[in-house]
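The structure appears below as structure tokens.
Just so it is clear, none of the values below were taken in a lab; they were calculated from the coordinates. Just so you know, these numbers come straight off a predicted model, no measurement behind them. All Cβ positions, even for glycine, are placed from backbone atoms using ideal geometry, and neighbour counts span all protein chains on display.
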Amino acid sequence: MGKGIFLKQPSLPETPDELRRLIRSGEWTGPTSGLAPGYVQANLAILPREAALDFLIFCQRNPKPCPLIEVVEEGSYEAAQIAPGSDLRTDLPSYRIFRNGKIVAEVGEITAYWRDDLVSFLLGCSFTFESALIRAGISLRHIEEAKIVSMYVTNIQTIRAGIFFGPLVVSMRPIPKDMVVKAVQITSRFPAAHGAPVHIGEPEAIGINDLSKSDYGDAVTIKEGEVPVFWACGVTPQAMSITSRPSLMITHSLGHMFISDLLDGDLAVT
């Protein structure tokens, strides 16, 4: 699970604009992990005008799961700041459509769902710090096993803003005990990509009773000598839609992100 489907099977381009064109044409429909190495990928949440201000405030109050990279004004579908010329209706491989808290469709493009009152939010993604972890010699199990990263709903509550409230979702990566400090140091440099972990070890303390049963994504192998490390996750808005029940929310499908023109280093702090 987690491997993309590429119809023509040539080698993939590495530049964001070429990959977005490939996705737009329907030639790449799989997850985006590992695509365009060195470039920032983003979570997506699209909401009607009447819910957009509440969500903006929610992101400001909860920057760990929802680090804002760009807010696209009402009616526009171009992420002009981070990917000029892009089209948010077609440039992700897969989208989820939520109505009143329920997933009603999972589709390859959202042109038919587009409305002039929609506001788009692009949020930082952990794929950014994953590249830095790999460069530092920390292997990632979900990549080794060709899976989507494990994600879990926790008992940690986010800070409410208007209609939006609900539990924090975390992603989990097994890290060797002697590499945990390094992983914390590296990810701390990327606050716009969820930053440092929110919890280390003892999953029961945050309401996760069985790591073999992920709420989103895929469970992965945890080997002897490894510690489960948990980061705030951009899937939090999808879980929150169940409790908040906006009339419409459009998001990325799990692992199917928006590829921007930003470099990973653009989000790093010294």
Could you rank the peptides 46-53, 146-153 by their average count of other C-beta atoms within 10 Å per residue, with the highest value first?
146-153, 46-53
Burial order of peptide ranges 183-196, 132-145 (average beta-carbon count within 10 Å, highest first)
183-196, 132-145
Fewest Cβ neighbours within 10 Å first, please rank Asp215, Asp116 accordingly.
Asp116, Asp215
Unpartnered cysteines - no second Cys beta carbon under 4.7 Å - across the chain
Cys125, Cys233
To the nearest 500 deg cm²/dmol, what mean residue ellipticity at 222 nm is calculated for the chain from DSSP H runs of n ≥ 4 alone, each contributing -39,500 (n - 2.57), summed and divided by the residues?
-5500 deg cm²/dmol
Neighbour-count ranking [beta-carbon atoms within 10 angstrom, fewest first] of Thr270, Thr243, Thr154, Thr90
Thr270, Thr243, Thr90, Thr154
Amide H neighbours of Trp28 at under 5 Å, excluding residues fewer than 5 places away on the same chain, with H built from the backbone geometry, are Ile23
HN-Hα couplings for the range 194-207 via Karplus (6.51, -1.76, 1.60; θ = phi - 60°), in whole Hz with x for Gly/Pro, come out as 5, x, 5, x, 9, 6, 10, x, 6, x, 4, 5, 10, x
Relative contact order in percent for the range 127-236 (Cα pairs under 8 Å, 6+ apart) equals 36 percent
Give me Tyr95, Tyr216 sorted ascending by neighbouring Cβ count inside 10 Å, so fewest comes first.
Tyr216, Tyr95
Ratio of the Cα radius of gyration of the range 127-236 to 2.2 N^0.38 Å, where N counts its residues
1.03
Counting only residues 5 or more apart in sequence or on a different chain, those whose built amide H sits under 5 Å from that of Asp261 are Ala83
Length-normalised contact order of the chain in % [C-alpha pairs under 8 Å, at least 6 apart]:
30 percent
Placing +1 at every Lys and Arg Cβ and -1 at every Asp and Glu Cβ, with all other atoms neutral, what dipole size does the chain have around its Cα centre, in debye to the nearest 20?
440 debye
With N denoting the number of residues in the range 1-144, provide Rg(C-alpha) divided by 2.2 N^0.38 Å, to two decimal places.
1.09
On the Cα set of the range 106-158, report Rg and Dmax in Å, please.
16.6, 46
Could you list, in their original order, any pairs among Lys64/Lys177; Lys147/Lys223; Lys64/Lys102; Lys182/Lys213 whose Cα atoms are separated by more than 21 Å?
Lys64/Lys177; Lys64/Lys102; Lys182/Lys213
May I ask for the Kirkwood hydrodynamic radius of the range 197-270, worked out over all distinct Cα pairs and given in angstroms to one decimal?
15.4 Å
May I ask you to order 16-22, 208-214 by the average number of other C-beta atoms within 10 Å around their residues, highest value first?
16-22, 208-214
